[in-house]
Amino acid sequence: MKLENLIAIDMHTHAEVSCWNPFDNYGEEFDRAADKYFKSNRRPTIEETVQYYRERRIGLVMFTVDAEAQIGRRRIPNEEIAEAAQKNSDMMMAFASIDPHKGKMGAREARRLITEYGVKGFKFHPTVQGFYPYDRMAWPIYEVIAEHRMPAIFHSGHSGIGSGMRCGGGLRLEYSNPMHLDDVAIAFPDMQIVIAHPSWPWQDEALSVAMHKPNVWIDLSGWSPKYFPPQLVQYANTLLKDRVLFGSDFPLITPDRWMKDFQEAGFRPEVHPLILKDNAARLLGLQPAAG
């Protein structure tokens, strides 16, 4: 990324439509429930998303969520996102998503995506993928990530996916309690762990893990900042100001809306550049690490 040309880096954007694979309508009821929950049915292509961010001079990290074992739905190819990032390397990075149920085969894929496609990190969604983050099933993939000293983003807290469906679509919220990342942070100190979203109803657990483990970060995606819990704003202004990251959850929340509400959410002016760009630049290896 060319930092000098960017006003911010959005650490949390989703690929919603594949132009490589035909649409897979299996499990489409999850889409309809999510549309209702988020009051949005935007599903841009990867190219459309990149153009949207380029017009706003905002860098972006993009990924899909591979939940083939739990949902049974074909994922968007990691390679498709990675190739888009290669073509737009001045303002885009690709993270990969690999279902932890793929074990050693997933680890092989992770290594290939790093070495052949240049992915810069990974995304996990414990609730949708159906696993506890500390489950040894996922460790072969973590070992590859840690070997390359890359970040991994973990969904935390409530999930809009499955909300309102009968039995919540069978998805278990408890998988995404951020306290489950404590063991992962201990076992893999060279893997930078990003706890995604305000972690309601476990916000204090997320803050505690991040305070205790220096390889744990928090991204602020998925909610408008005007709804952030006050303790999240307090810690982002003070003790965790160097490990809090801007993320929107696009296309569910737009960076336009997020950044407008951010200005009015009680964040101190001196932490704005850290949250919007500088912390992400350090995490992604675009700036030297502090200290």
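Of note:
- Residue, nearest to Leu283 (Cα to Cα), within the range 74-127, restricted to residues that are β-branched (Val, Ile, Thr) and touching a residue at least 60 places away in the same chain (Cβ under 8 Å): Ile81
Condition check ((1) in contact with a helix residue (DSSP H, G or I) (Cβ under 8 Å, 6 or more places away or on another chain); (2) more than 28 Å from Asp35 (Cα to Cα)) across all residues:
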site: Leu232; (1), (2): yes, no
site: Leu240; (1), (2): yes, yes
site: Arg243; (1), (2): yes, yes
site: Phe246; (1), (2): yes, no
site: Phe250; (1), (2): yes, no
site: Phe262; (1), (2): yes, no
site: Pro269; (1), (2): no, yes
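- Residue in the range 254-261 that is touching a Ser or Thr at 6+ places or on another chain (Cβ under 8 Å), among the acidic types (Asp, Glu) and on the phi > 0 side of the Ramachandran plot present: no
- Figure legend. Inter-residue proximity from the range 204-233: first residues over 21 Å from Gln263 (Cα atoms), second residues surrounded by 24 or more Cβ atoms within 10 Å (Cβ to Cβ) and aromatic (Phe, Trp, Tyr), beta-carbon distance below 6 Å, spacing 6+ or different chains. No pairs are indicated.
- Top-ranked residue in the range 76-110 [being charged (D, E, K, R) and surrounded by fewer than 16 Cβ atoms within 10 Å (Cβ to Cβ); ranked as farthest from Asp10 (Cα to Cα)]: Lys104
- Complete set of residues in the range 21-59 that are under 28 Å from Leu171 (Cα atoms), touching a residue at least 60 places away in the same chain (Cβ under 8 Å) and not in a helix (DSSP H, G or I): Ser40, Arg42, Arg43, Pro44
- Residue in the range 178-202 that is farthest from Ile141 (Cα to Cα), counting only those that are surrounded by fewer than 22 Cβ atoms within 10 Å (Cβ to Cβ) and either at pLDDT below 95 or not hydrophobic (A, V, I, L, M, F, W, C) (or both): Pro201
- Filter result for the condition that a residue is of a type outside the set (A, V, I, L, M) and surrounded by 13 or more Cβ atoms within 10 Å (Cβ to Cβ), over Arg32, Arg42, Arg57: Arg42
- Residue under evaluation Lys104, criteria (1) touching a Ser or Thr at 6+ places or on another chain (Cβ under 6 Å); (2) more than 21 Å from Phe30 (Cβ to Cβ); (3) not hydrophobic (A, V, I, L, M, F, W, C), criterion not met: (1)
The values are calculated or read from the model by the stated rules, or taken from the named source; none is laboratory data. Here the structure is a predicted model, which means the values were calculated and not measured. A quick note on method: Cβ atoms are made from the backbone with ideal geometry, for glycine too, and the neighbour counts reach across all protein chains shown.
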